[in-house]
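Reviewing the structure listed below.
The values are calculated or read from the model by the stated rules, or taken from the named source; none is laboratory data. Quantities reported herein were computed from a predicted structural model and do not represent experimental measurements. Cβ coordinates were reconstructed from backbone atoms using ideal geometry, including for glycine residues, and neighbour counts include every protein chain displayed. Areas reflect the complete protein model, heavy atoms only, side chains present, ligands, DNA and RNA absent. Shrake-Rupley method; radii C 1.70, N 1.55, O 1.52, S 1.80 Å.
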Amino acid sequence: MAEAKAPEPLEIESRILELCHQFPHGITDQVIQNDMPHMEAQQRAMAINRLLSMGQLDLLRSSTGLLYRIKESQNAGKMKGSDNQEKLVYQIIEDAGNKGIWSRDIRYKSNLPLTEINKILKNLESKKLIKAVKSVAASKKKVYMLYNLQPDRSVTGGAWYSDQDFESEFVEVLNQQCFKFLQTKAEAARESKQNPMIQRNSSFASSHEVWKYISELGISKVELSMEDIETILNTLIYDGKVEMTIIAAKEGTVGSVDGHMKLYRAVNPIIQPTGLVRTPCGLCPVFDDCHEGGEISPSNCIYMTEWLEF
């Protein structure tokens, strides 16, 4: 099995800064831990201390504990020497976060001529303050966001898309491997010959355990998050192959969120799943934007067409 590659210190620092930009009000240590579950606590502490010492982060206290927040003075320094129109466009793009914003919407919010906006966008791109990203929601249009942000899943399609194409085979392989792991755990529990309650409890696995198994298999070319794995596990739940339960967990437990942890186990489906739950819509990252008459609609969806032909 391929072992998960340990992230470099600069990669960790860069990702922490990205998270701070995504959550401008501040992030907790738990947010960083959930985003990078494979990272050791010592690595995380060293990266945070380095960013604090370089003056890139502020350390705040809140009712929930310590918060790390990007220093506001950084953004002000970046725009030094820019005119008011350029600062306005930059602010509009910054407010859009990692979902980005179309040039049409920038024009609407700024009331600037399109020619002037295009000139400003090119200038900001040349300074590496912003970047243009193609969106899976509209292949011919680009959205703009801050240069150091990681685009939201709704823009890139997440791990399930490659060059704006839905990787149906990759999703199916992950689906099979996640189910195989849970099946193996359930079989081991049954073979233990213990009382039914202990067997049932030991047949459950956390999403972190499934994520670790998939990571060690080395079947993915991209780094998958626990959220990605939970998306796959949800499709297995819809298929009637897996059930989920939520338990209380100690603060700081790997895989827990707000003192809770999701556990999954393989079950024998009572009936075969219907075709409806196998449609491409089940994993579509732009499902909420899909409607008749819109740029994304069932009638012009190539994935739906391929699924119906199959």
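Is it the case, given these coordinates, that K119 is open to solvent by 20 Å² or more (accessible area, probe 1.4 Å), more than 30 Å from S297 (Cα to Cα), modelled with pLDDT of 85 or more and among the charged types (D, E, K, R)? So K119 passes the test. Q33 meets all of the listed conditions (1) loosely packed, with under 15 Cβ neighbours inside 10 Å; (2) part of a helix (DSSP H, G or I) but one, namely (1). Whenever a residue of the stretch 245-262 is within 17 Å of A205 (Cβ to Cβ) and at pLDDT 70 or above, its partners that are hydrophobic (A, V, I, L, M, F, W, C) and exposed (fewer than 11 other Cβ atoms within 10 Å of the Cβ), lying with C-beta atoms within less than 9 angstrom and at least six residues away or across chains, give the pairs H260/I246; H260/A248; M261/I246; M261/A248; K262/I246.
Quick check on my filter: what residues within the stretch 101-116 are open to solvent by less than 60 Å² (accessible area, probe 1.4 Å) and of a type in the set (A, V, I, L, M)?
Matches in the stretch 101-116: I101, I106, L112.
Pairs meeting the criteria (first residue in the stretch 287-310 and surrounded by 13 or more Cβ atoms within 10 Å (Cβ to Cβ), second residue in a helix (DSSP H, G or I) and β-branched (V, I, T), beta carbons under 9 Å, at least 6 apart or on different chains) are lacking.
Check V242 against each of (1) open to solvent by 60 Å² or more (accessible area, probe 1.4 Å); (2) β-branched (V, I, T); (3) touching a helix residue (DSSP H, G or I) at 6+ places or on another chain (Cβ under 6 Å) and name the one condition it does not meet. Result: V242 fails condition (1) only. Applying a threshold of 8 Å to beta carbon distances and a minimum spacing of six or more residues, or different chains, the list of pairs starting in the stretch 82-102 at a residue that is on the phi < 0 side of the Ramachandran plot and ending at one that is of a type in the set (S, T, N, Q) and modelled with pLDDT of 80 or more reads Q85/S110; E86/N123; L88/S110; V89/S110; I92/S110; N98/Q22.
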